[in-house]
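Reading through the structure tokens given below for one structure.
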Amino acid sequence: MEKFVVSARKYRPKGFDEVVGQSHITTTLKNAIDNNQLAQALLFCGPRGVGKTTCARILARMINDFDESHDGNALNIFELDAASNNSVDDIRNLIDQVRYPPQYGKYKVYIIDEVHMLSTQAFNAFLKTLEEPPPYAIFILATTEKHKIIPTILSRCQIFDFNRIQVNDIADHLKQIADRESIKYEDEALHLISQKADGALRDALSIFDLIVTFSSDRNVTYQSTISNLHILDYEYYFKMVDHLLSEDMSAALLTFDEILKQGFDGHNFIVGLSEHLRNLMVSKDNTTIQLMEVPDAAKAKYAEQANKSSLSFLLSALNIANKCDLSYKGAKNQRLHVELALMKLAHINAAVSMSSSSADEVKKKV
Ligand SMILES: Nc1ncnc2c1ncn2[C@@H]1O[C@H](COP(=O)(O)OP(=O)(O)OP(=O)(O)O)[C@@H](O)[C@H]1O
């Protein structure tokens, strides 16, 4: 049987042009290498799973003129995880290693991951080497928490800020992988996985692998994705907004009850409803429609519901949902807290029509 390799490893980019969503970094690094202006100490900052280690490896391969067949060990790359090796002795070991020039290739590249975890003593022991490294040594310090890096280190490094990756870019990447692996998929499913990954491509790939393994016919459907990730079907939000628009408070409360009975949390529901309302709001205007973060297949459905909702309804609804979200944690009876919000939401249109009819009456009297 062929050994299963997780997608995050199998599809680790081999060149800068395969790196998704970090062109500001890959272009600068490429230019720095081409123009011989690469600093010896680089700091890669940014969230987890967005390509920091990947870029460090590509860089090591390029500056050593190695081809793609070189694996991690042969790249003259030395990786230290500072989260678990943060003592001054760990850094001294590393400094000892740095003294020896590379046996082959031109550069030795040291990647120190989660560098903010180094102890103060370890940081201090490292400073001198960082300031005057031997000409063949390049240090790449990576961190998810830039604010914890002391200024003396910051000032000695060229800093690169990695982005969280956009939902659409992640979804496109997943599509390419699915096609190459002959895995079938629904757009909505890949979109949801990309959203859930919260900007981290590695997380998206792990979720994707999990859902493929779960499905018997290598088909990533919307239904298998929501049940695996325990996400509320977005149909519920459409249904709920329909009830609110038609001022059907009982149906709104019963739908909420159905959602709770399926084991979903009231807070997640109110956050999801807010996102849904926000998508309706931005889809009302041609200039903001691009801000709608929904799969292409669902856009027509949003446009249809947006057409039925007035701008003032959406504004008031967003306000109520947002207030409910903010005060949810402190509420003693959280179910009632959401129910109360739903009651208010189901009365927005009534309140609007009442105020306009009373305005009409005032006009008549005048
Ligand atoms: N920008 C990206 N483009 C393409 N693939 C990516 C990107 N970011 C992450 N990946 C995928 O995720 C895997 C892990 O990424 P990588 O180890 O580079 O992340 P990282 O930012 O160093 O994370 P950490 O901070 O957790 O170490 C890669 O092997 C690759 O498959």
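Rule-based calculations on the coordinates, nothing more; no lab input. This one's a predicted model, so the numbers in the text were calculated from it and none came from an experiment. Cβ coordinates were reconstructed from backbone atoms using ideal geometry, including for glycine residues, and neighbour counts include every protein chain displayed.
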Taking the Cα centre of the chain as origin, sum charge times position over the Cβ atoms of Lys and Arg (+1) and Asp and Glu (-1), and report the length of that vector in debye to the nearest 20. 720
Longer than 22 Å from Cα to Cα, which of Lys239/Lys284; Lys52/Lys196; Lys106/Lys148 are they? Say none if no pair is. Lys106/Lys148
Taking +1 at the Cβ of each Lys and Arg and -1 at the Cβ of each Asp and Glu, which of Ala125, Cys45, Gly263 sits farthest along the dipole of the chain towards its positive end, judged by Cα position relative to the Cα centre? Ala125
Mind putting together the pair-distance distribution for the chain? All Cα pairs, 20 Å bins, whole percent per bin, short to long. 24, 42, 27, 7, 1
Distance from the Cα centre of the stretch 212-252 to that of the stretch 263-302, in angstrom? 13
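Run the dipole for the stretch 235-354 about the Cα centre, Lys and Arg Cβ at +1, Asp and Glu Cβ at -1, nothing else charged, and hand back the magnitude in debye, nearest 20.
For the stretch 235-354, the charge dipole is close to 300 debye.
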Relative pair counts by distance (%), Cα atoms of the stretch 235-354, 10 Å bins: 13, 47, 33, 7, 0
Order 270-281, 11-22 from most to least packed using the mean count of other Cβ atoms within 10 Å. 270-281, 11-22
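By average Cβ neighbour count within 10 Å, what is the ranking of 189-196, 86-93 from highest down?
Listed from highest to lowest mean packing, they are 189-196, 86-93.
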The stretch 1-68 and the stretch 171-210 have their Cα centres apart by a whole-number Å value of 21
Remind me, relative contact order of the chain in percent, using alpha carbon pairs under 8 angstrom and six or more residues apart? 15
Under unit Cβ charges (Lys, Arg +1; Asp, Glu -1), what dipole magnitude, rounded to 20 debye, does the stretch 171-255 have relative to its Cα centre? 340
Kirkwood Rh in Å, taken over the stretch 167-229 so that all alpha-carbon pairs contribute: 11.1
Can you report the principal axis dimensions of the stretch 7-161 using only the alpha carbons, biggest first, rounded to whole angstrom? 39, 34, 31
